[in-house]
Amino acid sequence: MGSDFKSIPLIDISPLVEKIDDPNMANDKDLLQVVRMLDDACREAGFFYVKGHGIAESLMKEVRDVTQKFFQLPYEEKLKIKMTPQSGYRGYQRVGENVTKGKPDMHEAIDIMRGIALALGGPVDAFEGKTAGDPFWVCRLIGYPVSTDIPEEQRTDTGCGAHTDYGLLTLVNQDDDICALEVRNKSGEWIYAKPLPGTFVCNIGDMLKVWSNGIYQPTLHRVVNNSPRYRVSVAFFYESNFDAAVEPVEFCRERTGGFAKYEKVVYGEHLVQKVLTNFVM
Ligand SMILES: O=C(O)CCC(=O)C(=O)O
Ligand SMILES: [Fe+2]
């Protein structure tokens with residue numbers, strides 16, 4: 001579990017995308033090969049790139065361009081959609097408002113999500129009648145300013161401090177010409193997840209560790225924008241339902257000595273605990 005990987009694998013998932021609704025998918029050799037590569041990547045690095053996902057590179061770029069445009073607006077404009085408890089913790093977060101391990105992160109962001117208001121006791125009506133049992137996802141648009149554009153008294157050296165993601169799987173559409181996302185291997189070296197145009201960088205989160213009884217381990221990562229340009233990324237977090245009780249599944253327990261290495265976790269509780277320690281208002 002975990003290794004001294006020096007680079008992050010790139011996986012062409014087109015056989016999987018093509019056959020995803022095919023009842024005979026389990027007999028497809030190309031598809032099985034993709035599944036094997038995904039399995040290896042989750043065991044070794046906890047990180048992988050995907051191509052062949054079917055989303056046009058032009059659309060991925062457009063999403064980043066719109067994100068960039070929003071963050072260029074005057075601060076007063078951005079504040080019109082400010083993230084508050086009343087907004088269900090959706091909306092705009094200024095530079096320094098997000099905190100990782102006690103240190104303010106040098107990024108601004110917009111969170112678009114559902115479910116979390118219920119978990120945090122926010123207004124349920126903001127969520128169009130959705131209930132706690134609905135699948136949970138969060139989309140986060142992130143901007144990392146050039147450090148000299150941040151007032152010196154606010155400035156730290158990290159765009160986003162070292163962390164693992166909370167949920168199951170994260171997909172990141174990152175700027176295609178700025179190297180800033182770093183992933184830690186077992187020896188403690190930081191390996192760049194350098195941009196590969198047209199790909200998503202994917203990584204597994206804390207819940208997949210519990211579910212797989214530790215066969216898959218989430219990997220620490222951080223963002224440091226040392227480039228002379230503003231960087232944007234768009235992250236999609238795929239998560240457990242907030243009321244889901246996640247525990248090691250039986251076939252993973254059998255493969256790892258027969259007993260559960262992790263206790264049952266109610267996802268909403270894990271999330272609230274992590275989000276509240278990551279947030280200042
Ligand atoms: O901006 C990135 O490339 C990654 C951001 C990240 O790790 C996160 O928001 O959890
Ligand atoms: Fe992350």
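Each value in this text was obtained by applying a stated rule to the coordinates, not by laboratory testing. What you see is a predicted model; the values in this text were computed from it and never measured. Cβ atoms come from the backbone with ideal geometry, glycine included; neighbour counts cover every protein chain shown.
List of remarks:
- In straight-distance terms, cross-link reach from Lys29 covers every one of the lysines whose alpha-carbon lies under 22 Å from its own, apart from those fewer than eight places away in the same chain; here that gives Lys19, Lys51.
- DSSP assigns beta bridges within the chain; of those with both partners inside it, close to 90 percent run antiparallel.
- Built amide H within the under 5 Å cut-off of Arg90, gap 5+: Thr84
- In terms of surrounding Cβ atoms within a 10 Å radius of their Cβ, Glu247, Glu76, Glu189 rank from fewest to most as Glu76, Glu189, Glu247.
- Each label was represented as a point 7 Å from its Cα along the Cα-to-Cβ direction; for Glu263 and Glu153 these points are 4.4 nm apart.
- Nearest-ten-degree value, helix 57-72 long axis tilted from longest Cα axis of the chain: 30
- Violating pairs (Cα-Cα greater than 26 angstrom) within the set Lys78/Lys194; Lys101/Lys186; Lys103/Lys186: Lys78/Lys194
- Quarter of the Cα convex hull surface for segment 28-97, i.e. its orientation-mean projected area (nm²): 8.0
- Potential extension, Asp21-Lys186 segment - 0.36 nm per residue separation minus Cα distance: 55.7 nm
- Residue-averaged 222 nm ellipticity for the chain, from DSSP H runs of 4+ at -39500 (n - 2.57), nearest 500: -7000 deg cm²/dmol
- Rh (Kirkwood; distinct C-alpha pairs) - the chain, Å: 19.9
- Inter-centroid distance (Cα atoms) of segment 148-194 relative to segment 1-78, Å: 18
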